[in-house]
Amino acid sequence: MSDFLETVQKNREYLDYLEKHYNYVQKAFLIVSKALDLDKDGELYQNLRNQVSCHDMSKLSDKEFVQYRRKFFPTSADKELSMVVEHGFGLAWDNHKKSNPHHFESIKFEPKDINAQVNGLHMICDWVAMSLSFGENSPRGYFEKNKHKMTLPFWLTSSVYTVCEFMEKNV
């Protein structure tokens with residue numbers, strides 16, 4: 001296969017992955033909303049719905065698309081440039097965290113800040129989506145493995161466990 005055709009194929013594979021993840025995040029939003037009994041007319045629900053509808057759009061940007069694709073869907077040529085690929089991905093990951101405040105590394109928790117609440121719940125939606133894509137019935141394993149790296153407020157930690165318990169019983 002030519003380099004050009006291989007790159008096209010890998011781009012399609014990555015776009016398919018992005019679409020699948022986006023759809024899982026939409027499903028996860030419904031699960032999280034139900035698990036936490038969010039008021040559908042409330043500001044928190046509406047803001048979360050709006051943010052989730054734009055989930056990870058930065059992955060289509062010049063600063064992220066090729067870098068992520070090379071990291072997770074490499075061509076033969078990309079595999080030969082592993083150090084370049086890793087450096088590019090590091091820059092893309094930094095951009096992604098800055099552009100998408102639903103990652104625990106980026107969330108700024110201020111008491112009673114609606115944006116922090118939305119970002120925290122969006123983070124849970126992302127974790128739920130990943131657990132669904134890996135065939136797991138909750139994000140508990142990921143959270144337990146990584147919570148030592150996180151500084152989360154009590155309400156968010158409690159929400160994580162509530163969602164995990166809901167999923168383990170209902171999904």
Simple SL model, points at 7 angstrom along Cα→Cβ for Phe4 and Glu110; separation in nm is 5.2 nm
May I ask you to compute the full-extension gain from Gln46 to Trp93, defined as 0.36 nm times their residue separation minus their alpha-carbon distance, rounded to one decimal in nm?
14.2 nm
In order over segment 114-122: 3J(HN,Hα) from phi, Karplus 6.51/-1.76/1.60, θ = phi - 60°, whole Hz, x for each Gly or Pro, gives 4, 5, 5, 5, 4, 4, x, 6, 5
The helix 3-35 Cα axis meets the longest alpha-carbon principal axis of the chain at an angle in degrees, between 0 and 90 and rounded to 10, of 0 degrees
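Determine the dipole magnitude for the chain: charges of +1 sit on the beta-carbon of Lys and Arg, -1 on that of Asp and Glu, nothing else is charged, the reference point is the Cα centre, and the result goes in debye to the nearest 20.
That gives the chain a dipole magnitude of about 140 debye.
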Give me the percent relative contact order of the chain, please, defined on Cα pairs under 8 angstrom at least 6 residues apart.
27 percent
Give me the count of lysine pairs in segment 95-169 whose alpha carbons sit under 22 angstrom apart, restricted to pairs 8 or more positions apart or on different chains.
12
Over the chain: helical MRE at 222 nm, DSSP H runs n ≥ 4 each giving -39500 (n - 2.57), nearest 500
-22500 deg cm²/dmol
Residue separation times 0.36 nm, minus the C-alpha to C-alpha distance between Lys149 and Leu60: what's the value?
29.3 nm
Lys pairs, segment 1-90 - Cα-Cα below 30 angstrom, 8 or more residues apart or on other chains
23
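Divide the volume of the convex hull of the Cα atoms of the chain by its number of residues and quote the answer in cubic angstrom per residue.
Convex hull of Cα atoms, per residue: 120 Å³.
Grab the beta carbon distance between Leu30 and Lys79, set R0 = 35 Å, and tell me the FRET efficiency rounded to 0.05.
Efficiency at R0 = 35 Å is approximately 0.35.
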For the chain, take the longest principal axis of its alpha carbons; what is the angle in degrees between that and the long axis of helix 43-52, to the nearest 10 within 0 to 90?
10 degrees
Taking the chain as the reference, fit the longest principal axis to its C-alpha atoms, fit the long axis of helix 154-170 to the helix C-alpha atoms, and give the angle between the two in degrees, 0 to 90, nearest 10.
80 degrees
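No value in this document is a laboratory result; all are computed from the given coordinates. The model shown is predicted, which means the values in this text are computed figures rather than measured ones. Virtual Cβ from ideal backbone geometry, glycine too; neighbours counted across all protein chains shown.
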